[in-house]
1. Could you list, in sequence order, the residues of segment 24-64 that are surrounded by 14 or more Cβ atoms within 10 Å (Cβ to Cβ), away from ligand 2 (no atom under 16 Å from the Cβ) and not in a loop (DSSP other than H, G, I, E, B)?
2. Keeping to segment 70-98, report how many residues are among the hydrophobic types (A, V, I, L, M, F, W, C) and either part of a helix (DSSP H, G or I) or at pLDDT below 95 (or both).
3. Would you mind stating whether D167 is more than 11 Å from ligand 1 (Cβ to nearest atom) and under 29 Å from E22 (Cβ atoms)?
4. Mind checking which strands (runs of 3 or more DSSP E) fall wholly inside segment 99-198 and carry at least 1 residues that are of a type in the set (S, T, Y) and surrounded by 15 or more Cβ atoms within 10 Å (Cβ to Cβ)?
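The values are calculated or read from the model by the stated rules, or taken from the named source; none is laboratory data. Bear in mind the structure is a predicted one, so any value in this text is a computation, not a measurement. Glycine gets a Cβ as well: all are built from the backbone with ideal geometry, and neighbour counts include every protein chain shown.
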Amino acid sequence: MEPNNIKIAPSILSADFAKLGEEIAAITKDGADYVHIDVMDGHFVPNLTIGPCVIQSLRKHSSLPFDVHLMISNPELYIEDYAKAGADIITVHAEAVTHLDRVIHAIKDAGCKAGVSLVPSTAPDVLDYVIDQLDLVLVMSVNPGFGGQSFIGKSVEKIRELRYMIDETEKDIDLEVDGGVVVDNVEYIIEAGANVLVAGSAVFKDGPSGYAANIKALRTGKPLA
Ligand code: DX5
Ligand code: ZN
């Protein structure tokens with residue numbers, strides 16, 4: 001796959017939360033493709049982050065698509081709220097939803113692109129009967145809840161399997177990978193078939209002066225000389 005087809009979605013979980021507007025403006029200027037926003041409820045995952053009002057306040061700081069990753073229980077209750085706040089893509093967890101087909105339709109009816117995410121222990125076949133309705137599949141390559149964890153190697157197998165399933169649909173569906181993505185493993189992840197890379201610490205680690213170089217390095221899978 002050509003490096004230029006790869007989209008980079010910095011996860012603002014690793015940004016400076018006291019300056020989120022500036023941080024989002026900076027990654028927008030520095031070459032990001034999506035803004036990845038991790039919403040956690042302290043229930044589905046053992047951490048709490050932000051909700052719709054913060055997302056609404058951030059909306060004016062970037063023209064990039066807001067890629068909203070809902071790590072919350074009962075996401076079906078909040079789809080409208082996130083759509084109104086300015087989400088472009090809303091991703092729910094298969095493990096948090098009983099009626100996945102219904103939630104996917106609710107996301108689309110709210111005017112957003114629909115994504116479904118799988119935690120590391122979930123097999124791809126839960127998507128067998130819905131994958132052709134999706135705009136994005138998100139493979140969690142760490143157990144969700146925190147930034148800065150190590151990539152779980154078995155995820156590569158799952159990415160490959162999902163790439164096959166997506167190609168079978170003959171539809172344009174993003175295959176996004178989230179958790180522990182660093183320059184050193186990008187090559188394997190892309191080779192397995194992913195086209196969107198979420199990265200928190202690997203983008204934000206050096207502060208604003210490093211964002212452009214870090215995003216570029218992730219896109220090519222090579223550290224800049
Ligand atoms: C984890 C989040 C990720 C995380 C990625 O639950 O969904 O988006 O912030 O962070 P890194 O890239 O540091 O693993
Ligand atoms: Zn995420």
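1. A25, A26, T28, P52, Q56, S57, R59, H61
2. Adding up the residues that qualify gives 6.
3. Against the criterion (more than 11 Å from ligand 1 (Cβ to nearest atom) and under 29 Å from E22 (Cβ atoms)), D167 does not qualify.
4. Once the strands (runs of 3 or more DSSP E) in segment 99-198 are filtered for at least 1 residues that are of a type in the set (S, T, Y) and surrounded by 15 or more Cβ atoms within 10 Å (Cβ to Cβ), what remains is 113-118.
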